[in-house]
1. Going through segment 19-51 one residue at a time, which ones are of a type in the set (Ser, Thr, Tyr), in contact (Cβ under 8 Å) with a residue 24 or more places away in the chain and part of a helix (DSSP H, G or I)?
2. Answer yes or no: is there a residue in segment 135-145 that is over 18 Å from the mean Cα position of the chain (by Cα), of a type outside the set (Asp, Glu) and modelled with pLDDT under 95.
3. With respect to Gly170, determine if the residue is surrounded by 13 or more Cβ atoms within 10 Å (Cβ to Cβ), farther than 29 Å from Gln89 by Cβ and modelled with pLDDT under 95.
4. Identify the residue in segment 178-188 that is within 13 Å of Asn115 (Cβ to Cβ) and of a type outside the set (D, E, K, R) and, among all such residues, is modelled with the highest pLDDT.
5. Could you please let me know if Ile44 is over 21 Å from the mean Cα position of the chain (by Cα) and not acidic (Asp, Glu)?
6. Are any of the residues in segment 75-97 part of a loop (DSSP other than H, G, I, E, B) and out of contact with any His (no Cβ under 9 Å at 6 or more places or on another chain)?
7. So, in segment 187-230, how many residues would count as being touching a helix residue (DSSP H, G or I) at 6+ places or on another chain (Cβ under 8 Å) and assigned to a strand (DSSP E or B)?
Amino acid sequence: MATKLRDSGYSVLATDRTGDDVLRADISSTGGIRELEAAIENRIERGQILEGLVNVAGVLHSGKLFDLQLEQWEHMQSVNTTSVLRITQLVARLMINQRDRDPGNSRSIVTVSSNAGRTPRYAMAGYCASKAAATMLTRCFSLELAAHGIRANVVSPGSTRTAMLIGMNGEAEMERASVAGNPAQFRNGIPLGRIAVPEDIADTVAFLLSGNAKHLTGIELTVDGGATLS
């Protein structure tokens, strides 16, 4: 995501708890939120416009509801949902303060959710619930931010070749199972015959951030090769 946006001409501030080319900050803490706010304000003071936010962090703990541990539930809610609330609150306030420098609708917020946020998944209930909340949270933000000329949209991927998904079954088995589907787990296959790659998702996010989507807000774009067609 960061590479795509940099290649598109954005000055990107990426945040994570680990990594070399990011602002290392734990945004689950008040201190981490303050670190991020200071880093953004520093760029604003240097003349940059805060044009976009992408909420892309995500974690998954699989398991049936009867077996799901409270700690696992809270971890998914914290990363997948609460981070969307806290960071969108922070960034939206800073965007509102910059409206005089951007009277149009170029400022945009995109949350990367999941198609599991609207389609029940077997043994993934905690993840489904957290992503459903993130989706609706972002769409509600779209209503409240529209008066300020700020757009908020959702991209919901299906199975995507990421470390999280590969770690569940191994790469070859993961792709085969995702494409074929699993009737025993009430899971459809993928009509287009392949799982997504991260670039598929990044391209969609970049579109929603761009001026090409300046009259789109409150929508959910599902990028899953047709896996959740109904």
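The values are calculated or read from the model by the stated rules, or taken from the named source; none is laboratory data. On a predicted model such as this, the values are computed, not experimentally measured, just so you know. Positions of Cβ are backbone-derived with ideal geometry, glycine not excepted, and every protein chain shown enters the neighbour counts.
1. Just the residues of segment 19-51 that are of a type in the set (Ser, Thr, Tyr), to begin with: 28-30.
Keeping just the survivors that are in contact (Cβ under 8 Å) with a residue 24 or more places away in the chain gives 28.
Correct list: empty.
2. no
3. no
4. Here is the first cut: in segment 178-188, the ones within 13 Å of Asn115 (Cβ to Cβ) are 178, 187-188.
Still in the list and also of a type outside the set (D, E, K, R): 178, 188.
Details: Ser178: 75, Asn188: 83.
Going through the qualifying residues, I end up with Asn188.
5. Numbers: over 21 Å from the mean Cα position of the chain (by Cα): yes; not acidic (Asp, Glu): yes.
Answer is yes for this residue.
6. no
7. 4
Every residue, every condition in (1) touching a helix residue (DSSP H, G or I) at 6+ places or on another chain (Cβ under 6 Å); (2) touching a residue at least 12 places away in the same chain (Cβ under 8 Å); (3) closer than 26 Å to Phe186 by Cβ, yes or no:
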| position | (1), (2), (3) |
| --- | --- |
| Ser114 | yes, yes, yes |
| Gly117 | yes, yes, yes |
| Arg121 | yes, yes, yes |
| Lys131 | yes, yes, yes |
| Ala134 | yes, yes, yes |
| Cys140 | no, no, no |
| Ala146 | no, yes, no |
| Val155 | yes, yes, yes |
